[in-house]
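Where a number appears in this text, it was derived from the coordinates with a stated rule and is not lab data. What you see is a predicted model, and the numbers here were worked out from it, not measured in a lab. Positions of Cβ are generated from backbone atoms using ideal geometry, with glycine treated the same way; all protein chains shown enter the neighbour counts.
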Amino acid sequence: MTQEIRLRFAPSPTGYFHVGGARTALYNWLIAKQQGGSFILRIDDTDEQRNRQEWTDGIISALAWLEIDFDEGPYFQSRRKDRYFQKARELYEKGLAYYCNCTRDEIDERAKLRGGPPGYDGFCRDRALTPEPGFALRFKVPPGETVVNDVVRGTVTFANSTIEDFVLLKGNGAALYVLANFVDDVDLNISHVIRAEEHLPTTPKAVLLYEALGVDSPIFAHLPVLVNEKRVKLSKRRDRVAVEDFRDQGFLPEAMVNYLALLGWSPGDDVEFLDREEMIELFDLTKVSKSPAFFDVVKMKHFNKHYIASLTLDDFVNRCLRFLEANSWWSGDGIQTANFRAIAPYVQERIALLSEVVEMVDFLFVDPAQLSLEAYILSEADLEALSRFLVKVEAEEDFARDVLEGHFRSLGEELGLVLRKLQAPIRLSLTGRKVGPPLFVAMEILGKERSLDRIRNAIATGH
């Protein structure tokens, strides 16, 4: 009978949700959707000193934002301690594990004296110690080799002589990572274990446990490490890696999912932009690369700009609201909403992050006194240009963008100025910034009275 397809994502809640974890969750989710299986969320929260509820909440919230939905869970390892002890005891009763009372200092001292490699030397393997408080339970690693068949890495063989008799239960009875994950994967009937490359060294221990209890191993796939621009593994301490952070900057979930999918995999033919249905159809675990994948924030912004530009106007406006609402000047009344909607299409085609919308449109909503020119002192030539532009437009009854642009081009010819250079002081006087939406669109929406007042103020103050 064909085994049911069941995949799990099992993060540890010890910090913000890492983009590497998001990529792992996505690959598991894609296989589950593609194969008509189940995607399960399990929280590996056995590290009581480092786990925090807010990290768990962050993982669940970030997955929801990325629209990576799970069919079962979340399950919590912290609630399954009795089950881990039960399976460890089964291994002990089968003669596959033994109790050990060696301290770390004793283990290190013996390693020093023998002049061999560090680590445990099997000192208690044949001592037949009975369980007592403070005794750890170790697995008896058999002689020979352990083979890990990995979809990404191929066949990886480990000499068992390099694997020490590893701890299953600590002296306080707490289960170690390898035991807890093995038991959970068996109990949840997991068919595929797709996870980060860093877990490959512990995988032969899991395979030994599967073999010891006569259980078929799942399909393993260890994903390539993510690196920064220096080709160094991404670090929470050094690099920007939190999914929540990118969400707050204004990345779209569909852009981030598309970009993450391509970190180690490609559908071929240089295709970059894929919707979810296309990813589900085309994703192939056998085509995932072994090589490190460069997490390029600049390229992800390129993806984001593409997806922002693809939004409908209504969707773009709605997605921008949370960034506007974070400002004291935003009331969301009818006039503000109408003005923002009028300028939104021109902003949409210019920004790469939703958060950038604020600096693009705030000039429409703040008091002129709140505008501060961006490191620009108006020269005599600038002031002359502003004065002459003011004369041209203040008597104009039709304050439409094409009319304003006509006056602007006429002035440029009169002054013999490149239009880009002429535009700078006008834009600064109106918006306080060097870049923004089209100048004459901005003036039309700002209105004649407010536009002229700002130009006059710039002439009077020199900035």
For the chain, the longest principal axis of the Cα atoms and the Cα long axis of helix 419-431 enclose an angle in degrees, to the nearest 10, of 80 degrees
Taking θ as phi - 60°, what are the ³J(HN,Hα) couplings along the range 44-60 by the Karplus curve (6.51, -1.76, 1.60), each to the nearest whole Hz, with x for Gly and Pro?
8, 10, 7, 7, 5, 6, 9, 6, 9, 4, 5, 5, 4, 4, x, 4, 5
Separation of alpha-carbon centers, the range 322-357 and the range 7-85, rounded to whole Å:
35 Å
Sort LYS236, LYS112 so that the residue with the fewest other Cβ atoms within 10 Å of its own Cβ comes first and the one with the most comes last.
LYS112, LYS236
Projected label distance in nm at LEU419 and LEU113, using a 7 Å step from Cα toward the beta-carbon
8.8 nm
Output row, site SER289, 7 Å Cα→C-beta label point, backbone N cut-off 16 Å, window the range 225-248, residues 225-234
Near LYS299, which aspartates and glutamates are there with a Cα under 20 Å away, not counting those fewer than 8 places off in the same chain?
GLU229, ASP239, GLU244, ASP245, ASP248, GLU254, ASP269, ASP270, GLU272, ASP275, GLU349, GLU356
Under 25 Å from LYS448, Cα to Cα: lysines that are on another chain or at least 8 residues apart
LYS392, LYS421, LYS434
Given 0.36 nm per residue, what is the gain on full extension from ARG401 to ARG322 after removing their alpha carbon distance, in nm?
25.5 nm
Between the Cα axis of helix 448-461 and the main Cα principal axis of the chain, the angle (0 to 90°, nearest 10) is 90 degrees
11 Å beta-carbon shell around THR203, net charge (K/R +1, D/E -1)
0
One finds the C-alpha centres of the range 197-250 and the range 173-195 to be spaced, in Å, by 15 Å
Which of these values of Cα Rg over 2.2 N^0.38 Å was calculated from the structure shown: (1) 1.37; (2) 1.28; (3) 2.06?
(1)
Segment GLU198-GLU145, extension gain: residue separation times 0.36 nm, minus the distance between their alpha carbons
17.0 nm
Neighbour counts of other C-beta atoms within 10 Å: give me LEU415, LEU263, LEU446 arranged from fewest to most.
LEU415, LEU446, LEU263
On Cα atoms only, tilt of 313-324 relative to the major axis of the chain in degrees
80 degrees
FRET efficiency, GLU211 to ASN339 (Cβ-Cβ, R0 60 Å, nearest 0.05)
0.30
Return the sequence-ordered ³J(HN,Hα) values of the range 172-183 in whole Hz as given by the Karplus equation 6.51 cos²θ - 1.76 cosθ + 1.60 applied to θ = phi - 60°, using x for Gly and Pro.
8, x, 6, 6, 7, 3, 5, 5, 4, 5, 4, 4
Given a Förster distance of 45 angstrom, what is the FRET efficiency for GLU272 paired with SER387, based on the Cβ-Cβ distance and rounded to 0.05?
0.35
Want the number for ASP367 to GLU394: 0.36 nm per residue separation, take away the alpha-carbon distance, what's left?
7.6 nm
